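Asks: Pasting a structure below so you can have a look.
The values are calculated or read from the model by the stated rules, or taken from the named source; none is laboratory data. Model, not experiment: these values are computed from the prediction. Ideal geometry is used to build each Cβ from the backbone, glycine not excepted, and the neighbour counts take in all protein chains shown.
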Amino acid sequence: MSSDEEFDYMSDDFLAQCIPNDVRPGLIRDHSLQRQAEMDKKKQQTDMKNKELFRSHRAVELERREEGLSSAISNNNKGFALMQKMGYKPGTGIGKSGSGRVEPVTIALKTDRQGIGRETALRRLAVEKAAIRQRQRQRREQEFTVENFRAHRSQKHLEIQTAKDLKSCQRVCEGLDKGQGYDEPAEPWFWLTREKENDDDDDHDNEVEGQDEKTTTADESGEDDDEEEEEEEEIEFQPSEKLDMLSNYLRQTYCYCVWCGTQYDDDKDMRDNCPGPTREDH
């Protein structure tokens, strides 16, 4: 067709070109596809009917059980007739006084795969755990009384005060020792700065020792064991013990009382004017 001729929109060729592009739902031009769709629809309807007619045995059994449990026993039942002869009236409680159970005992069917006694054991375990938690809670409440709380606070305050007094003694000891020309303290922890240096050195030594242990031989390790037996055992003193020893050192060496904050002239001057060697004395 030349470009000069006008296109005929009413021709069969134009309609044939438009049909393949029509994708509207439900519009099936091919007879085979239409027949297949109808067969699928009929099959789906048939499956739904069969599902309603031929339900599973378990579903039917469950429905019948619920129906039987929800309905009352008829008068034709021999057991019910015997109960009526014994004086039972429908709707009243069982027993001589009529105050017993009115509704029948419900049937609890197992639907899981747990053992017969496992559910009971789990319930008992939960009760025991709750009782243990309650006893532990009561024990903690009894232990944490007001007196214990006050004692704990008092001990905590005493530890903080002891640490402050120890640092004060260390600063004073370092100043007095250096004033007398000493370059090293009598004990590493007598000076505050030296104690910090020793802590850093200990950390570094531990790292070096950890590396050296990997390269030492069996003979060298045997010699080190002999040397360790000869060395004096180091004891880590408590802050309160350090405070007692350091304060006594200052009193005996420099006639200095850390709680008075005074360096006395001699022992006699300190005995006459210092209340005592502890904070409680002051």
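Asks: From Val172, Val127, Val208, Val146, grab the single residue that is aliphatic (A, V, I, L, M), at pLDDT below 60 and either touching a helix residue (DSSP H, G or I) at 6+ places or on another chain (Cβ under 8 Å) or over 22 Å from Gly261 (Cα atoms) (or both).
Replies: Testing whether each residue is aliphatic (A, V, I, L, M), at pLDDT below 60 and either touching a helix residue (DSSP H, G or I) at 6+ places or on another chain (Cβ under 8 Å) or over 22 Å from Gly261 (Cα atoms) (or both) leaves just Val208.
Asks: What number of residues in region 238-264 are β-branched (Val, Ile, Thr) and in contact (Cβ under 8 Å) with a residue 24 or more places away in the chain?
Replies: 2
Asks: Right, here's the next one. Name the single residue that is surrounded by the fewest Cβ atoms within 10 Å (Cβ to Cβ) among those in region 54-85 being over 54 Å from the mean Cα position of the chain (by Cα) and among the aliphatic types (A, V, I, L, M).
Replies: Leu82
Asks: Next question. Do you know which residues across region 239-282 are in contact with a strand residue (DSSP E or B) (Cβ under 9 Å, 6 or more places away or on another chain) and among the β-branched types (Val, Ile, Thr)?
Replies: Thr262
Asks: I'm checking my understanding of the structure. Among residues of region 231-280 that are aliphatic (A, V, I, L, M) and outside any helix (DSSP H, G or I), which one is farthest from the chain's Cα centre (by Cα)?
Replies: Among those residues, the one meeting the criterion is Val258.
Asks: When region 234-282 is examined, which residues are found to be charged (D, E, K, R), surrounded by 17 or more Cβ atoms within 10 Å (Cβ to Cβ) and farther than 22 Å from Pro185 by Cβ?
Replies: none
Asks: Does Arg137 fit the bill of being over 23 Å from Leu243 (Cβ atoms) and modelled with pLDDT under 90?
Replies: Judged against the criteria, Arg137 is a match.
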